[in-house]
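Written out below as structure tokens is the structure these notes cover.
The values are calculated or read from the model by the stated rules, or taken from the named source; none is laboratory data. No experiment lies behind these values; they were computed from the predicted model shown. Here the Cβ positions follow ideal geometry from the backbone for every residue, glycine too, while neighbour counts run over all protein chains shown. Note: accessible area is taken over every heavy atom of the protein model, side chains too, but ligands, DNA and RNA are not part of it. Shrake-Rupley method; radii C 1.70, N 1.55, O 1.52, S 1.80 Å.
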Amino acid sequence: MHLTEGIIRTRPDSCKRCYSCIRECPAKAIRVVNGQALIMEERCIACGHCVKVCSQNAKEISSFSSAELRNLVSENKTVAIVAPSFAASWPNEYWKIPTALRTLGFEKVIETAFGADLISPVYVNDIETSEIKTIISSSCPAVCNYIQKYYPELVPNLAKIVSPMVAVARYIKSTLGQDYKIVFIGPCTAKKAEILSSSVEGIIDEALTFVELKHIFQESNISLSELKESRFDPPHANMGKSYPLAGGLIKTADLSGDVLEKKIIVVEGKSKVLEIIDEILNNQINAKFIDILFCEGCISGPAIDSSLNYYSRREKVIEFIEESINEVDKKVWQSEVYNSRDLNLRREHSVKNQRRPVPPQEEISRILADINKPNEEDKLNCGACGYLTCEEFAISVAKGLAEKAMCLPYLIDELQIAYENLATTQEALHSAEKLASIGQLAAGIAHEINNPLGTIMLYASLIKKQVEKLEEGTQYDGDLKIIINEANRCKNIVANLLNFARQGKLTLQKFDLFDLITAIVKKIKLLPAMQGVLVEMHHAALDSMIEADKDQLEQVFLNMFMNAAEAMEQCSTKKLSITIDDSNGDMMITVADTGCGIAKENYGKIFTPFFTTKKIGKGTGLGMAIAYGIIKMHKGDIRFESEIDKGTTFHLKFPKTLTQTFN
Ligand code: ADP
Ligand code: MG
């Protein structure tokens, strides 16, 4: 697949992904690669519509430099043939164009329109005698390309008649000599493709656009204001001058009076052209002849380069026709046409099929589902991708002509997901960092405190023993008990801190999770906080064997059950429900209580180290931080939902085995 060569190309990095060109391209010959809307050469019909709609000027037409042109004209025997729409491109000084072209070095400057005069009788002949049901005019090269590439069935309907450009070139070569070099100048990009097509190849040496010619004038320091007006060289054209206007061919061939009788249709402009071609294919048209132009007349060609609107352009061309047609000596014109009666004005059209097979419906449905449009109501048909409907877009994706990322609503959905993932990852990273630094600090403090704490406890116990022996010692006994209890509490905190700090290491073993939970429940049932609590256990897992750090998970469940019991201290209904489940492959544990619930403003703090709502001496605020760390180490998740005075439910989820070992 060629994506960069060809008559029309995308300027590197200029495309800003607006997809206007894709919307406009009748051949669906543009696909986005690395953010650039590139043209697939073999599919392109060179109509130039993409050039017209690109606001970024990202589409460029392959062009001929002034140096190349100078080189060509330096050989003498060069003729410029100019399309009649030139009057719309240089509206105030079109009569200076013949002079300017001669200044450039062309030996002769001739009207292409004379070629139109030559082919018109051939059209009349074909319309009257051909057995083909509907003849399609072949003067517009974009139409020929389109039919050859996408409607091969209609190739036989294309008139086997050359365009005015080729007709006049053949005339020039037959009268002036075969060695003459001919350069066509017009408003059309597709002419660049036509001069290379097999049946007429080599007749025209170069096809320039008006835009290119203006550049060449500039580079060659040719200023029209300094030039005198001059006329074209013979042969002069008659009604062929009207070809670039709507129905010009019909007028030239003098078929207008027969419009109804002969059933002649004139169709101009992309959408109408696509419509009529479809209708001809479906046998819905009975007309004998259809004159089709891809643009709204050649005066709307992609390289017309005119500041005037459509009607003013039309007026300018009419002005040129009126001014020049009276100067034509009809007798001379008639004899020139007569003398060329043996000129070969025929051409062939070959099939260049680029139609891709319609993909199977399942594939289209799968693509629609991939871009979040599985149902009819999901299809917005917003057109942002450049296709009229989501269905059409999905078909193009299936054909390899478009990519999913061109769908804007899909892209927004993906962006939202990516953003959410990023936010979650960022949050996890943040809390992991926080936990790690707090862990280091905690470990340091714990080790420092452990030694003096041991000394306090040792000496307090020694003193207590001594005091117990003394008669008057009983009055100090209570105080010493307080010292020892408080020191014990400190030891507890230090042990928790060390637990917290130890996170980062897992010792994996295989065990039954349900058995572990049952054992924990049994152990804590005797504790005062658990008195009156009804514990319900539900085993909904197919298999509760897991590979994890048993001691650390025990710590998690212990912390959670104790929190639940403490939350239910003041409640009349005290129920703790524990469920384990593995229906989605992971281990999922739910711990629900009927306690006081968690206030909304504390939701974000539950897993933060040292956050507690409990009385001084009761809570250390480390239980949930430790649980969070341990579950995260098991590549799991912990979350909760809660309602004040109704209760809290914690959900834990982690994989049954960890393939990676931690150290
Ligand atoms: P501590 O239990 O020492 O306060 P935790 O880290 O275990 O520290 O818990 C932090 C806080 O989270 C508790 O103080 C409490 O406010 C809240 N909490 C945790 N579990 C529950 C629960 N089951 N019901 C209500 N609140 C809870
Ligand atoms: Mg706790």
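Tabulated data
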{"item": "Of residues in region 641-655 being in contact with a strand residue (DSSP E or B) (Cβ under 6 Å, 6 or more places away or on another chain) and over 12 Å from Ile589 (Cβ atoms), the one most open to solvent (accessible area, probe 1.4 Å)", "result": "Glu641"}
{"item": "Given (1) open to solvent by less than 10 Å² (accessible area, probe 1.4 Å); (2) in a helix (DSSP H, G or I), number of the condition Val211 does not satisfy", "result": "(1)"}
{"item": "Selected residue (only one of Lys575, Lys614, Lys600 is basic (Lys, Arg) and near ligand 1 (Cβ under 10 Å from one of its atoms))", "result": "Lys614"}
{"item": "Breaking point among (1) under 30 Å from Gln178 (Cβ atoms); (2) part of a loop (DSSP other than H, G, I, E, B); (3) touching a residue at least 40 places away in the same chain (Cβ under 8 Å); (4) open to solvent by less than 40 Å² (accessible area, probe 1.4 Å), for Leu245", "result": "(1)"}
{"item": "Region 54-85, subset open to solvent by less than 10 Å² (accessible area, probe 1.4 Å) and among the polar types (S, T, N, Q), residue nearest to Trp95 (Cα to Cα)", "result": "Ser85"}
{"item": "Selection count, region 617-640, where residues are within 7 Å of ligand 1 (Cβ to nearest atom) and either of a type in the set (A, V, I, L, M, F, W, C) or under 42 Å from the mean Cα position of the chain (by Cα) (or both)", "result": "3"}
{"item": "Cβ pairs under 6 Å, 6+ apart, first in region 377-406 and without any contact (Cβ under 8 Å) to a residue 40 or more places away in the chain, second acidic (Asp, Glu) and open to solvent by 40 Å² or more (accessible area, probe 1.4 Å)", "result": "Ala398/Glu363"}
{"item": "Criterion violated by Cys596 - all others in (1) open to solvent by less than 20 Å² (accessible area, probe 1.4 Å); (2) within 16 Å of ligand 2 (Cβ to nearest atom) satisfied", "result": "(1)"}
{"item": "Per-region count, region 26-53, residues surrounded by fewer than 24 Cβ atoms within 10 Å (Cβ to Cβ), assigned to a loop (DSSP other than H, G, I, E, B) and on the phi < 0 side of the Ramachandran plot", "result": "6"}
{"item": "Residue match in region 550-558 (condition: surrounded by 18 or more Cβ atoms within 10 Å (Cβ to Cβ), more than 45 Å from the chain's Cα centre (by Cα), at pLDDT below 95 and in a loop (DSSP other than H, G, I, E, B))", "result": "no"}
{"item": "Selection from region 400-422 of residues that are among the aromatic types (Phe, Trp, Tyr) and open to solvent by 70 Å² or more (accessible area, probe 1.4 Å)", "result": "Tyr419"}
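Results for (1) in a strand (DSSP E or B); (2) closer than 23 Å to Thr507 by Cβ; (3) within 13 Å of ligand 2 (Cβ to nearest atom); (4) open to solvent by 20 Å² or more (accessible area, probe 1.4 Å), shown as yes or no for each residue.
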residue	(1), (2), (3), (4)
Thr579	yes, no, no, yes
Gly585	no, no, no, yes
Gly604	no, no, no, yes
Phe611	no, no, yes, yes
Ile616	no, no, no, yes
Gly619	no, no, yes, yes
Ala625	no, yes, yes, no
Ile630	no, yes, no, no
